[in-house]
Amino acid sequence: MVSSPNAAVVPTLADINLREQVQQRLRLDIVSGEVGPGTILSVPSLARTLGISTTPVREALLHLSADGLLQPLRNRGFCVVEPSLAELRNLFEVRVQLETSAFLKLVQSGLDDVSDLTAQADAIARAVRDGDVPLYLAADRAFHQELLSRAGNPVLTGIVMKLRDTMRLYGIKSAAGLARQAESVPEHYRIIEMLRQRAEPAAAAALMHKHIMDWEPIFSNVLLEGGGQRPR
């Protein structure tokens, strides 16, 4: 059977796997500021650069557009959206409330099997030691996703992870950002200990608030200085 030239292109499993890889790579480049606001991303150009077909690239850009990181431009491609300071602060406000709530729920019930969390905390420590920022971000994301999933509310987990994935991490590679990464290493282990020991709720809430909100001035200062185009 000869397919119609106007028939929709159905992505294959290989295309989907490639789309996820491209999406992950582009998301990191955008949220870290490596690809700055106003940059135009072309499907054919990206496909040539990556050495793959246009289908997974187009799907990846559409997904990032749905997440609010890109804006489609008619016949031109996709433009990286410029974030605002208000949006960043709103994301932090919602994140700290939801993640603290989930953490308190876990602390009250306790958690005996912390092997997965410990493995991710070890990966975070290794990334900081090696100066590997992409590994730090991947391991930190995995740690918090595992932590949230243990609270037993997949809706909350999905919301928080989407918030994390759309938050601009400008300044992550700056001196302040690197120092904050190092400071976060013992905090991850302390979070695990609090789960095992069923810590006092007030102490647990204070730790999670600090763990999240100590990043806010680092990211905000870069936006205030107009330095969102490139990491510092």
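See the values below:
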item	result
Residue satisfying all of: in region 180-227; modelled with pLDDT under 90 and not in a helix (DSSP H, G or I); surrounded by the fewest Cβ atoms within 10 Å (Cβ to Cβ) among these	Gly226
Leading residue by the ranking (farthest from Leu156 (Cα to Cα)) among those in region 66-112 that are acidic (Asp, Glu) and at pLDDT 90 or above	Glu87
Filter result for Arg230 (closer than 16 Å to Ala121 by Cβ, at pLDDT below 95 and not acidic (Asp, Glu))	no
Selection within region 50-66 - more than 20 Å from the chain's Cα centre (by Cα) and either in a helix (DSSP H, G or I) or closer than 15 Å to Gln24 by Cβ (or both)	Leu50, Ile52, Thr54, Thr55, Pro56, Arg58
Residues of region 126-150 satisfying the condition of being in contact with a Phe, Trp or Tyr (Cβ under 8 Å, 6 or more places away or on another chain) and within 16 Å of Glu193 (Cα to Cα)	Leu147
Tally, over region 171-207, of residues that are more than 16 Å from Asp140 (Cα to Cα) and either hydroxyl-bearing (Ser, Thr, Tyr) or outside the structural domain of Ala121 (by TED's automatic domain parsing) (or both)	1
Residue count for region 115-135, restricted to those that are crowded, with 19+ Cβ neighbours inside 10 Å and either at pLDDT below 95 or within 20 Å of Ala206 (Cβ to Cβ) (or both)	3
Residue that is within 21 Å of Ile218 (Cα to Cα) and under 16 Å from the mean Cα position of the chain (by Cα), where the choices are Glu99, Glu82	Glu99
Pick from region 6-35, criterion polar (S, T, N, Q) and surrounded by 19 or more Cβ atoms within 10 Å (Cβ to Cβ), ranking: modelled with the highest pLDDT	Gln23
Some residue of region 75-91 being touching a Pro at 6+ places or on another chain (Cβ under 7 Å) and surrounded by fewer than 17 Cβ atoms within 10 Å (Cβ to Cβ)	yes
In region 93-108, residue surrounded by the fewest Cβ atoms within 10 Å (Cβ to Cβ) [restricted to those that are more than 11 Å from Ala205 (Cβ to Cβ) and in contact with a Leu (Cβ under 9 Å, 6 or more places away or on another chain)]	Val94
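The values are calculated or read from the model by the stated rules, or taken from the named source; none is laboratory data. Not measured: the values here are computed from a predicted model. Methodologically, a virtual Cβ is constructed for each residue, glycine included, from the backbone with ideal geometry; neighbour enumeration extends over all protein chains shown.
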